[in-house]
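Some notes on the structure that comes next.
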């Protein structure tokens, strides 16, 4: 029984080796490398855009429910009466964006305008190459610099945003790009610092290595996810906040606040190029969630090492956790209002940055006091060291409402 | 000379020429980013993974953003058709002279013929340990410098208060 | 792998392109871009010499390149802040027009 599940777990890897074995023996080495790379890339290019397509439908339906609407429920399988609760909507949307006219403003800088969506999508797709999707399932294993690769490639999306905003020759585009860049630069620091705690504890920049560091067992069955430590718990939420800002998700969606600046930096994009921006944005969010899962939520590990949980293949755990985080983001989008620009910047520099720095110190303390203080005392101590600054720093952000006076109504 | 090296080097040098010769300054900045990325590719080819990715993180992610922001903040009132230089030939001949000198020196030197040894074992761990032991003084000086530069940049660029 | 002279030539080319730009362009930002190019070509030299050295395990070249990247970042920040201030004061970023100190 257990063997069968192990086989199911390794199914993608075995399939790849099987396909590689089909190559004739005389194939040159570089061709084998290319085929191997293509075989690793194809599933990523198939799974995540499909996930994006489904997410758009789920998001519209979910937001509809939150706002007391029904949401899309008409389109099903084309040419039949089967409606599938509206889950065929993404096909209709895709066809629509493909056949729409591609409008380029006359004043636009044509070359840069054309290159911007491509320059945005490529780095976003590159970030997927270092994420471990399952046991032995990492497309590009960089044992020395995996996490650095993720952040380095992720940082280059800012420039594509600038290219899109500047080349459109539209003030809303430029304003949106400026907002987006300021936001991404500011939130990148808390993002990297909160991920750094895990690197410090795990002692490696390799993402599979970080997952390995969470495989120890506590009480004989509970995996030591970094989430289950005080610094990991706080770090995860700091990471998630910064990730939401990096991916321009509500409540940090100022760069594309439709009530203020139309659609931000991609105002002047239509048709398929707009779809590429949309795709890149969601893929960026998924990649951030995948990194958060790898760093804090045990990657492809199940929560406990007990029979029914270990039967599920590792890649199913990863995709399941990813879906849960996506649903969380949709829920947040339906719940929270948008911030103001000064609130956004203040939050990054006055709250997130000090908290991540304190978290770094607490993680070091947690690591160093592993043998000297028992767990029962260590947990509350470290947690208090984080909760008190949270309370102190958070006080400045409470809304300063005074009792409203009605001068003429009384 | 191998093919990957030729491609990356050609891209780097070509985009560097574009970065220094295009008229539109935003285009210059974008070509400069390509140069930085090409240099990072060369570092990766030289087995300096960590430095190569740091180069992308710092230059493509931060310095280029600074440059385009500065271009946007200082450009609006510049006349469009102003010649970008008065007498370019002096500068260009100085640069060509410098290149010829360096190229001759490189080609004549026996060091240039050196073939790479097998890839050295570099781990980020030893790099970090070196930073914390042998290079701790430069590291601290660097921290001080970065703090001073940050404060300095903020103070310089801060708008002067009215009536001061 | 290519021999050392390939890397050194590319580095020399980049340095001279940067030098030519810094000497001929009149916009202060373009001058700064030229200087950045020259710094980067020096970094390439450090990495190349490290890779081709007899004792690469000392990692001196890597260290130097890392420090130099950090310094270049600080230099860019301060330099651009200066340029913005100059622009605010003189309403131009052309280095030839900023000549108030000239006797």
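The values are calculated or read from the model by the stated rules, or taken from the named source; none is laboratory data. From a predicted model like this one, the values you see are computed outputs, not experimental measurements. All Cβ positions, glycine included, derive from the backbone under ideal geometry; neighbour counts span all protein chains shown.
Some points to look at:
- Filter result (more than 10 Å from chain A (Cβ to nearest Cβ) and either outside any loop (DSSP other than H, G, I, E, B) or modelled with pLDDT of 85 or more (or both)) within segment B:67-80: B:67, B:70, B:73, B:74
- Of all residues in segment C:8-23, those satisfying the criterion of being under 17 Å from residue C:49 (Cβ atoms) and more than 7 Å from chain B (Cβ to nearest Cβ) are C:11, C:15.
- Checked against (1) farther than 25 Å from residue C:82 by Cβ; (2) away from chain A (no Cβ under 14 Å); (3) assigned to a helix (DSSP H, G or I), residue B:20 passes all but condition (1).
- Here the condition is being under 17 Å from the mean Cα position of the chain (by Cα), part of a helix (DSSP H, G or I) and either modelled with pLDDT under 85 or under 18 Å from residue A:256 (Cβ atoms) (or both); of A:185, A:161, A:153, it holds for A:185 alone.
- Condition met for residue C:46 (under 14 Å from residue B:94 (Cα atoms), part of a helix (DSSP H, G or I), at pLDDT 85 or above and more than 7 Å from chain B (Cβ to nearest Cβ)): no
- Residue under evaluation residue A:132, criteria (1) part of a helix (DSSP H, G or I); (2) at pLDDT 85 or above; (3) more than 12 Å from chain B (Cβ to nearest Cβ), criterion not met: (1)
- Top-ranked residue in segment B:112-154 [being at pLDDT below 85 and loosely packed, with under 11 Cβ neighbours inside 10 Å; ranked as nearest to residue B:69 (Cα to Cα)]: B:121
- Any hit, segment B:56-66, residues being more than 9 Å from chain A (Cβ to nearest Cβ) and at pLDDT below 85: no
- Taking the conditions (1) modelled with pLDDT of 85 or more; (2) within 20 Å of the chain's Cα centre (by Cα) in turn, residue A:273 satisfies each one other than (2).
- Some residue of segment A:147-168 being more than 11 Å from chain B (Cβ to nearest Cβ) and either crowded, with 24+ Cβ neighbours inside 10 Å or within 20 Å of residue A:248 (Cβ to Cβ) (or both): yes
- Any hit, segment A:39-56, residues being more than 28 Å from the chain's Cα centre (by Cα) and touching a residue at least 12 places away in the same chain (Cβ under 8 Å): no
- Of the residues making up segment C:61-97, those that are touching a residue at least 40 places away in the same chain (Cβ under 8 Å) and part of a loop (DSSP other than H, G, I, E, B) are C:93, C:95, C:96.
- Any hit, segment A:340-349, residues being farther than 30 Å from residue A:57 by Cβ, touching a helix residue (DSSP H, G or I) at 6+ places or on another chain (Cβ under 7 Å) and buried (at least 19 other Cβ atoms within 10 Å of the Cβ): yes
- The set of residues in segment A:365-394 that are outside any helix (DSSP H, G or I) and surrounded by 14 or more Cβ atoms within 10 Å (Cβ to Cβ) comprises A:369, A:373.
- Just one of the listed residues (A:332, A:386) is under 18 Å from the mean Cα position of the chain (by Cα) and touching a residue at least 60 places away in the same chain (Cβ under 8 Å), and it is A:332.
- Among the residues examined, residue C:61 qualifies as more than 7 Å from every other protein chain (Cβ to nearest Cβ) and more than 24 Å from residue B:95 (Cβ to Cβ).
- Residue among A:238, A:291, A:301 that alone is outside any helix (DSSP H, G or I) and within 28 Å of residue A:148 (Cα to Cα): A:301
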